[in-house]
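Below is one structure; the comments refer to it alone.
The values are calculated or read from the model by the stated rules, or taken from the named source; none is laboratory data. What you are looking at is a predicted structure, and each value in this text was computed from that prediction instead of being measured. In this analysis, Cβ positions are derived from the backbone assuming ideal geometry, glycine residues included, and neighbour counts consider all displayed protein chains. The protein model used for the area step is the full one, side chains on, heavy atoms only, and it has no ligands, DNA or RNA in it. Shrake-Rupley method; radii C 1.70, N 1.55, O 1.52, S 1.80 Å.
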Amino acid sequence: VSLVRVCLHPKQHDVDILSDISDIVTKKMEICSMRELGLLAKVYALYHSLSPAPETSSVLDRIAVRAVDAIEGSDPKDIVRLIQSYQVADMKPAALLQVLDIWADKRLASMNVQGIALAMTHFARIGEISDRLLKTASDIVSSKLYDVNAVDVSRLIWSFARLEYN
């Protein structure tokens with residue numbers, strides 16, 4: 001991960017460096033936490049968005065596979081950062097999204113309305129979420145209406161509309 005931090009501000013010659021260390025990153029990925037996976041995904045997504053290449057796409061795919069195994073017990077903020085990276089790269093890793101959907105459904109009940117609104121906003125930006133998760137979010141928000149402020153309401157309405165959930 002320290003090697004990848006060097007590449008946070010892209011220049012053309014950094015793409016070559018990133019390509020050179022991709023094998024090392026892939027081999028060491030098994031020991032990465034969700035936070036470190038998020039950092040790796042951020043860097044590779046940034047480069048992928050600037051100049052799509054099979055190497056960056058391949059590493060992003062491997063990060064998604066590893067993240068599926070690391071999702072339990074992870075900090076939601078780290079997971080959101082990881083998902084934001086895939087948004088930057090304009091990628092939708094199906095297996096990660098499916099596991100994330102199940103994980104989020106379990107976690108929603110313990111979240112406050114603001115957290116649910118932010119989570120739904122991120123899912124809406126990705127554009128894929130299950131009806132089960134949307135129903136859970138809707139039910140929880142309905143039961144916590146006293147906690148809802150105008151910003152949260154607008155985020156939720158935008159998210160549900162974007163995801164075509166009534």
- For region 57-135, give the magnitude of the charge dipole about the Cα centre (Cβ charges: +1 Lys/Arg, -1 Asp/Glu; no others), in debye to the nearest 20. 120 debye
- Can you tell me the order of 130-143, 83-96 when each peptide is scored by its average per-residue count of other Cβ atoms within 10 angstrom, highest first? 83-96, 130-143
- Task: Work out how much length residue 23 to residue 95 would gain on full extension: take 0.36 nm times their residue separation and subtract the Cα-Cα distance, in nm to one decimal.
- Result: 23.7 nm
- First select every other residue whose beta carbon is under 12 angstrom from the beta carbon of residue 41; then total the charges, Lys and Arg +1, Asp and Glu -1. +2
- Query: If 151, 113, 99 are ordered by their accessible area, calculated over protein heavy atoms with a 1.4 Å probe, which sequence runs from highest to lowest?
  - Reply: 151, 99, 113
- Note on the structure: Projected onto the charge dipole of region 15-147 (unit charges on the beta-carbon of Lys, Arg, Asp and Glu, signs +1, +1, -1, -1), the Cα from 76, 64, 41 with the largest positive-side position is that of 76
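Eigenvalues of the Cα gyration tensor times 5, then square-rooted: what semi-axes does that give for region 16-112, in whole angstrom, largest first? Don't skip to the end; give the middle numbers.
Values: eigenvalues 116, 37, 22 Å².
They are 24, 14, 11 Å, listed from largest to smallest.
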- Could you state the orientation-averaged shadow area of the convex hull built on the Cα atoms of region 42-97, in nm² to one decimal? 3.4 nm²
- Query: Assigning unit charges at the beta carbon (Lys, Arg +1; Asp, Glu -1) and nothing else, what dipole magnitude in debye, to the nearest 20, does the chain show about its Cα centre?
  - Reply: 300 debye
- Query: Just by accessible area at a 1.4 angstrom probe, what is the order of 147, 69, 152 from largest to smallest?
  - Reply: 69, 147, 152
- Task: Please give the contour-minus-distance gain from residue 131 to residue 51: 0.36 nm per residue of separation, less the Cα-Cα distance, rounded to one decimal in nm.
- Result: 25.4 nm
